[in-house]
Every structure is written in structure tokens, then in C-alpha cells.
Amino acid sequence: MYGLMFEQFLRTRTCQIGLIMIFILGAISILIGRQFLVDQEKIAADVVENHAGHLERNLEFHSDDIGLLLYYLEFVLVNPSHPIAALSIGQRDINPSVQSVNIRTLEGQRHDTDLVNPVSLLHGNLDLSFIILFVFPLLIVAFTYNLRSEEVESGTWRLVGVMSKSKFRFLLVKLGVRITLVLSALVLLLVMAAVLLKLPWDARFVAFSVTSILYQLFWFALCFWVVSLKQNSAVNALTLLATWLILVVLLPSALNNHIANKYPVPEALTTMIKQRDGYHEKWDTNKRETMEKFYTKYPQFESFGFPPEEGFNWLWYYAIQHLGDEESLEDSRLMRSKIEQRELMSRSWAKAIPTMHTQLVFNDVAGSSLTDHMKFLSQTQDYHEQIRLFFYPKIFHNENAKLVNWEQFEPTYLQRDEEVNWIGWSLPLIAGFSIFMALALFVAKWT
């Protein structure tokens, strides 16, 4: 019976058009993902290539004054994209994957981002995660909304009761046919993506695939429960489309608006203002007072003493640069704290909203989430501190720049944590699938 049903459904126009559309959109999304990887690799390659020339040019013109050299010289920190980011671009299109920082004030640098076409941001990215999250559920709705009602409306439901031992088993077989077709299409797209994008068959790819399958099973369980309520085809279709709209658009939008209002971030502006004011005001402040504040933070440099009040001095200049960051430190911490609170609240609520949860899992797997970017910003701060403390003694001693081993300051690539949270990522989807399947079994009255 299963083979016959499979063949019959495969011949229907709904099935054929649905599968053709999903493969076309899936192929387009894979090509978009490949272009994204190419662009990211080009950016990283250009930065590495330009960095060598940047260092060489500045050494040529400013090697006699290491303080002036370090004023211009930038150091590169790269947050490389995992290949699987092509499947879920997330926030990688707006947050930079490369930070070029100098040893001056940090807050004015680490939030810089690339220029991006706002129209492109408005439209978003048609990556494979978009197809899985938004398009596949519509295909499932189209395949299942009349699972039972078409038999009733065509007058064959009673015949099914005569020819089949169990009407419920008959519907389960029909559901199984559709699950097989949809999951086969999904797996085929994932394999295509792995081959075309040369994705490693690692834990991240497995996690992305398993999450995708569990998400589709959740939608099948939800649709099966709606079908089990024994409404006609029009009511089923309207109910499922309304549910899709609520889960995919309304709930995420409402939650995002609520979180933004609960945790406003005015510090995003005040941090920059205080950093700039904190730096510029020091030009008119007593130098001894400035240096005392600097030595309070870095007592290891106190032996350099106090520069004369008149004239320019690199010791004093880099002290006021750092104190500009110190002035904005509290606002910077508050901003980070609120962003983390937003992310934590989003993840907590997302456990009850499968669409949001799946999107967050995809971004976590791909390293394209807000959490990943915040880690990058934190590592940028640590990197900035490291190079500052390395060069401060050399600047304050006015050492010869040619004595520094500049080869050690090639672009630094961050190492990514490959840990996969199997339970946290899969449990909400398994729970959603189980709940709706249990509801379907409970309300079913077929024999």
C-alpha cells in the first residue's frame, strides 16, 4: 500500500510543482551561500595582502619615530567564517569578520563595520536556512492540509474504511509518504550544499542537518494535529497558513519589539560620545593629573615619570588615548550587558517558538550569531590590550622601530570553538514534535 500511495502522490501536480520549486529555490540559496564564502575569503585575502604593504610603507616613512609609526600602524584580527556559514549567513553580512585596530582608543574602532547596500539588508539573504525555515513549512502545509478531507470530500472515505483495517493507519501511511518526499528533498539539498560548497562532514554539518530534519518533523506533527480535527480542506489550509504566519512572522516580531523596549541601549551612543569627549578634554587638562590616572591603571609604567607641561610627548599622548576609553568604560559595559540580556531573553523565549529556536541554532552552528560577534568584540579588546602593552615601553623609551620583529604581527586568525550542544539544540524541537503528535493521537477517532 505504501508503494502505491507513494507513486500516486508523486504523480500529482501539487507534489511535482512543490518539489520543483523547492529545488530551484534551494539551488539558488546554495549559489548565494557560495558567493558569500567567496566574498569573505576575498576580504580576508585582501586584508592579509594589504597589511604587508601597509606595514612596509609606514616603516619606510616613520621608522625614525616609533610613536608616530604606531599612531598610523594597524594590526589585523580575523574572525574566519566557517564554511557552513554559507548555509546560514545570519549577522555575518552586517558584522565585520575582520578588525583592523591601532593602539589608540578602542571604542571608536571595534564597532566599525563594512559599508553595505541598505537595499540588500532590507531584502535579506536567501540562504538555505531561509528555505528550510520559511519555504519548507509551506510545502508541508500544501502536502498535508487535505490529508483526510480530500477523501471525505471526494466520497472515498467510507470506502477507505471498508478496504483498510484502520482509517488512522491509512492516514499515517499517507503522512509517511509526504514525510519521505520532503525529507528526501531536504537531504538531497544538504548533500548538494556539502558538495558544491565543499563543506566538511563534521559535527557542525551533522548538527545543522539534524536540526533541519527535526524542524520539518515538527511541522508535520503540527499539520497532522490540525488535520486530525476533521475540518474541511479550506479550514485546514486557512488554519495552517495562519499558524505559519504566527510562528514565522508575528511571534518573532512581537518578541523582538518587546525585548528592544525592555532593554533599550542608549549606551550605544553615549559610549562613543564619552570616549571622544574623554580623549579631547584631556588636551586641556593638567598633564600630571592625566598621568596620575594613567599610572593608577598601569603602575608598571610609573618609572617613566611625568612629562613637562609644555610641548608634546608620546607618553602623555597615549595616556590620554587610553583614558578616553576609560571614560566610556562603564557605558561600554552597560551596553554589552544589555545586549547579552537581550540575547539571553531571546533564547529563553525561543525554546517555545520553534522557528526562532531553529534560526538561533542555525546561526550558532554557522558561527554567525550575535553571541559569536560579541565574543569577537571581546577578543578584539583583549588583542588591543595585548599590543598596547607590548608597544608602550618601546614608545616611552623611544626605541628604534627597526629593532622590532614586525613579522610576529601578521594577521591573527581566531580559533573557533567546535562544541555542539546536542541536547540544548534538539530538545525543544523533539518536545514540539512529541506534543503535537500526542495531540493528534488523542483527538483521532478513526478506527
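The values are calculated or read from the model by the stated rules, or taken from the named source; none is laboratory data. Values in this document were obtained by computation on a predicted structure and should not be read as measured data. Cβ coordinates were reconstructed from backbone atoms using ideal geometry, including for glycine residues, and neighbour counts include every protein chain displayed.
Here residue 271 meets the list (1) at pLDDT below 95; (2) under 30 Å from residue 37 (Cα atoms); (3) not basic (Lys, Arg) almost entirely, failing just condition (2). Pairing residues of the stretch 296-311 that are under 21 Å from residue 326 (Cα atoms) and of a type in the set (Val, Ile, Thr) with residues that are at pLDDT 85 or above and part of a loop (DSSP other than H, G, I, E, B), at Cβ distances under 7 Å and at least 6 apart in sequence or on separate chains, gives no pairs at all. Restricting attention to the stretch 222-243, the residues that are surrounded by fewer than 20 Cβ atoms within 10 Å (Cβ to Cβ), within 29 Å of the chain's Cα centre (by Cα) and under 21 Å from residue 438 (Cα atoms) add up to 1. Restricting attention to the stretch 202-237, the residues that are farther than 28 Å from residue 423 by Cα, of a type in the set (A, V, I, L, M, F, W, C) and in contact with a Phe, Trp or Tyr (Cβ under 6 Å, 6 or more places away or on another chain) total 1.
In the stretch 104-116 there is at least one residue matching the filter, namely being of a type in the set (Val, Ile, Thr) and modelled with pLDDT under 80. The residue that is farthest from residue 357 (Cα to Cα), counting only those in the stretch 373-421 that are of a type in the set (Phe, Trp, Tyr) and more than 18 Å from the chain's Cα centre (by Cα), is 396. Within the stretch 342-377, the set of residues being assigned to a helix (DSSP H, G or I) and charged (D, E, K, R) comprises 342, 343, 347, 364, 372, 375. Could you list, in sequence order, all residues of the stretch 70-103 that are at pLDDT 85 or above, aliphatic (A, V, I, L, M) and over 30 Å from residue 401 (Cα atoms)? Hits for the stretch 70-103 are 84, 85, 86, 87, 89. For the condition closer than 30 Å to residue 256 by Cβ and either crowded, with 17+ Cβ neighbours inside 10 Å or in contact with a Cys (Cβ under 6 Å, 6 or more places away or on another chain) (or both), residue 356 qualifies. Residues considered: 30, 94, 17, 22. Of these, the only one that is hydrophobic (A, V, I, L, M, F, W, C) and assigned to a loop (DSSP other than H, G, I, E, B) is 94. Looking across 427, 377, one residue alone is out of contact with any helix residue (DSSP H, G or I) (no Cβ under 7 Å at 6 or more places or on another chain) and over 27 Å from residue 99 (Cα atoms). It is 427. Mind counting the residues in the stretch 197-240 that are outside any helix (DSSP H, G or I) and free of Cβ contacts under 8 Å to residues at least 12 places away in the same chain? Here the count works out to 1.
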